[in-house]
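Accompanying notes for the structure given below.
Please treat every number below as a calculation from the coordinates, not as lab data. Worth saying up front: this structure is predicted, and the values here are computed from it rather than measured. Cβ: placed from backbone, ideal geometry, glycine included. Neighbour counts: every protein chain shown.
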Amino acid sequence: MINIPKGTKDVLPAESYKWHYIEKVVRATAETFGLNEIRTPTFEHTELFARGVGETTDIVNKEMYTFEDKGGRSMTLKPEGTAGVARAYIEGNLADGAQPVKMYYLTPVFRYERPQAGRLREHHQFGVEIYGSDSAYADAEAILVAKTLFTKLGVTELELNINSIGCAECRAEYNRALREYLAANIDDMCPVCRERYVKNPLRILDCKEEGCKRITAGAPKTIDYLCNGCAAHHEALKGILTSLGIAYKVNPMIVRGLDYYTRTVFEFISTSIGAQGTVCGGGRYNNLVEEVGGKHTPAVGFGMGLERLLLVLESLNLPVGEPEIPKLYIAPLTSAEAAEAYKLVNALRASGISADTDLMSRSLKAQMKYAGKRGYEYTLVLGGDEIASGKAALRKMSDGSEKVVELDKLQEELKG
């Protein structure tokens with residue numbers, strides 16, 4: 001037997017309704033905010049992620065699924081959604097249209113990491129991307145999309161954490177202060193952090209090694225080194241959130257795990273799924289479009305793991321949709337009536353009614369057992385007498401009640 005790869009998961013037919021439910025609410029929420037869907041390829045040139053996500057990130061260093069195609073080109077299964085959207089924004093000339101460009105996606109992403117609750121090597125993300133606005137209202141807009149979705153799904157036990165990591169100007173001063181703070185202990189940190197100390201010290205704050213986390217616990221805070229512009233932006237966002245009645249906590253340890261972030265970073269955190277309960281994370285990435293070959297374009301957005309979101313819903317005993325109940329099963333009494341049953345079923349399907357019949361040449365008893373297992377709302381036994389009279393007994397499976405109906409009026413009966 002060939003087993004499923006580690007870190008992946010089948011969504012079986014009995015569970016797919018949960019995904020349909022979440023995706024339906026996601027799309028409806030996105031539409032209320034004027035977001036249009038964007039779909040980007042499952043794989044991109046590796047350079048896109050190396051330049052966009054950042055060569056000092058765990059994603060690029062450790063987690064990407066990279067391969068060489070038959071033309072000798074290095075390709076990578078997308079480990080996140082934003083870099084591909086930035087590439088599409090440039091290549092699709094979206095900057096020439098009305099700004100801001102407000103987009104969302106539902107996409108699989110691939111990361112070679114230790115599988116954990118709600119985070120698989122192939123998982124799925126809902127992402128929001130707002131390009132063209134540098135206003136703190138755009139930051140609030142992204143946050144509000146996520147919060148609105150959580151509210152619609154009934155998730156209230158979440159904490160919004162925000163921070164600002166500044167721009168290139170104030171980041172340089174902060175990096176000097178951080179290096180100075182870490183200098184005495186850098187030899188006790190992990191090899192990755194020792195490398196980051198030289199290349200990108202901010203990334204050290206994102207390290208998950210316990211020893212490194214203890215050392216960085218008292219590190220300088222980015223919000224204490226913001227330039228005037230970044231400080232004003234941060235205060236503006238806090239003011240907007242307060243005016244909207246959105247509770248938040250300023251958490252100076254949030255830096256996010258991607259190099260493209262500037263200024264605002266945020267996370268929605270749940271305690272209902274155990275460790276690492278971040279169910280949504282995002283922020284502003286004003287330099288990303290320029291970094292991957294376009295013109296300077298301010299942008300903000302977030303990514304939300306759907307597997308993790310589903311875990312939250314189930315852990316809180318919140319609704320996750322219901323399986324669709326098939327409408328009607330027509331059971332031919334013998335093989336002689338199978339053709340007429342199949343004709344009736346397909347006439348109903350053409351009118352939009354879910355209907356089915358026997359495909360296994362089973363006995364009537366076996367067919368009724370099957371219909372019961374599948375949960376059909378109604379059943380109808382079709383024999384020679386029923387075909388001759390044009391009438392049959394329509395049985396409601398929930399209570400066993402029957403009603404004689406004309407076969408040529410089945411559609412009206414079931415829709416009524």
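Along the charge dipole of the chain, which of Ala393, Ala247, Val312 sits closest to the positive end, that is, farthest toward it, with unit charges on the beta carbon of Lys, Arg, Asp and Glu (+1, +1, -1, -1)?
Farthest towards the positive end: Val312.
From zero outward in steps of 10 Å, how is the percent of C-alpha pairs of segment 328-415 spread across the bins?
Over segment 328-415, the share of Cα pairs per 10 Å bin runs 18, 57, 25 percent.
Once both axes come from the Cα atoms, what is the angle between helix 228-243 and the longest principal axis of the chain, in degrees from 0 to 90, rounded to 10?
That works out to roughly 40 degrees.
Which order results if Tyr65, Tyr174, Tyr260 are arranged by neighbouring Cβ count within 10 Å, fewest first?
Tyr65, Tyr174, Tyr260
To the nearest 20 debye, what is the magnitude of the charge dipole of segment 328-415 about its Cα centre, counting +1 on the Cβ of each Lys and Arg and -1 on the Cβ of each Asp and Glu?
Values: 13 positive and 13 negative charges, 74 e Å.
The dipole magnitude comes to about 360 debye.
Here are a few candidate values for semi-axes √(5λ) of the Cα gyration tensor in Å: (1) 34, 26, 21; (2) 54, 23, 21; (3) 43, 25, 18. Which one was actually calculated from the structure I just gave you?
Entry (2).
If I take every Cα pair under 8 Å that is 6 or more residues apart in segment 328-415, average their sequence separation and divide by the length, what percent do I get for the relative contact order?
Numbers: 123 pairs, mean separation 27.2, N = 88.
Relative contact order for segment 328-415 comes out at 31 percent.
How high is the relative contact order of the chain, given as a whole-number percent (alpha carbon pairs under 8 Å, six or more residues apart)? Intermediate results must be reported in sequence, preceding the final value.
On the way: 725 pairs, mean separation 67.7, N = 416.
Relative contact order, the chain: 16 percent.
Please report the antiparallel percentage of DSSP beta bridges with both residues in the chain, rounded to the nearest 5.
On the way: 50 of 62 bridges.
The antiparallel proportion sits near 80 percent.
Would you mind checking which residues have amide H under 5 Å from Val250's amide H? H placed 1.01 Å from N; only 5 or more apart, or other chain.
Ile162
For segment 134-253, what is the relative contact order in percent, using Cα pairs closer than 8 Å and at least 6 residues apart in sequence?
Details: 113 pairs, mean separation 50.8, N = 120.
In percent, rounded to a whole number, it is 42.
Multiplying the sequence separation of His45 and Lys9 by 0.36 nm and subtracting their Cα-Cα distance, what value in nm do you get? All intermediate terms of the calculation are to be shown ahead of the outcome.
On the way: separation 36, 0.36 × 36 = 12.96 nm, distance 2.60 nm.
Additional length available on full extension: 10.4 nm.
Show that you can apply the helix-only estimate: for the chain, add -39,500 (n - 2.57) for every DSSP H stretch of four or more residues, divide by all residues, and state [θ] at 222 nm to the nearest 500. Kindly include the intermediate steps, with their values, before the conclusion.
Details: 14 runs with 149 residues, N = 416.
The per-residue figure over the chain is -10500 deg cm²/dmol.
Within segment 72-89, find all residues whose amide N lies under 16 Å from a label point positioned 7 Å from the Cα of Glu122 along Cα-to-beta-carbon.
76-80, by backbone N distance to the label point.
Relative to the longest principal axis of the C-alpha atoms of the chain, give the angle of the C-alpha long axis of helix 16-32, reported between 0 and 90° and rounded to the nearest 10°.
Long axis of 16-32 versus the principal axis of the chain: about 60 degrees.
State the Cα centre-to-centre distance between segment 357-416 and segment 121-153 in whole Å.
Computed from Cα coordinates, the inter-centre distance equals 48 Å.
Give the residues of segment 1-33 whose amide nitrogen is closer than 17 Å to a point set 7 Å from the Cα of Tyr112 in the direction of its Cβ.
5-8
Return the distance in nm (one decimal) between the two label points of a simple spin-label model at Thr151 and Leu318, each offset 7 Å from Cα along Cα→Cβ.
1.3
Multiplying the sequence separation of Glu406 and Glu195 by 0.36 nm and subtracting their Cα-Cα distance, what value in nm do you get?
Gain on stretching Glu406 to Glu195: 68.1 nm.
What lysines could a cross-link reach from Lys327, if we take a straight Cα to Cα line under 22 Å and drop same-chain neighbours fewer than 8 places away?
Filter leaves Lys18, Lys24, Lys343, Lys365, Lys369, Lys373, Lys391, Lys396, Lys403, Lys409, Lys415.
Testing the spin-label approximation: label points 7 Å from Cα along Cα→Cβ at Glu23 and Glu37. State their distance in nm.
The modelled label-to-label distance comes out at 0.8 nm.
Mind sorting Arg308, Arg362 by how few other Cβ atoms lie within 10 Å of their own Cβ, fewest first? Walk me through the intermediate numbers first.
Details: Arg308 23, Arg362 14.
Ranking Arg308, Arg362 by Cβ neighbours within 10 Å, fewest first, gives Arg362, Arg308.
Taking the Cβ of each residue in Leu313, Leu149 as the centre, tally the other Cβ atoms inside 10 Å and list the residues starting with the fewest. Could you put the intermediate results ahead of the total?
Working: Leu313 20, Leu149 23.
Taking fewest neighbouring Cβ atoms as first place, the list is Leu313, Leu149.
Can you pull the one-decimal nm distance between simple spin-label points at Glu180 and Asn346, each 7 Å off the Cα toward Cβ?
8.0
Pairing the Cα long axis of helix 306-315 with the longest principal axis of the chain, what angle in degrees results, from 0 to 90 and rounded to the nearest 10?
Approximately 70 degrees, to the nearest 10.
How far, in nm, would the chain grow between Ala388 and Ser16 when pulled straight, counting 0.36 nm per residue and subtracting the alpha carbon separation? Let's see the in-between values first.
Numbers: separation 372, 0.36 × 372 = 133.92 nm, distance 4.07 nm.
Extra length available between Ala388 and Ser16 comes to 129.8 nm.
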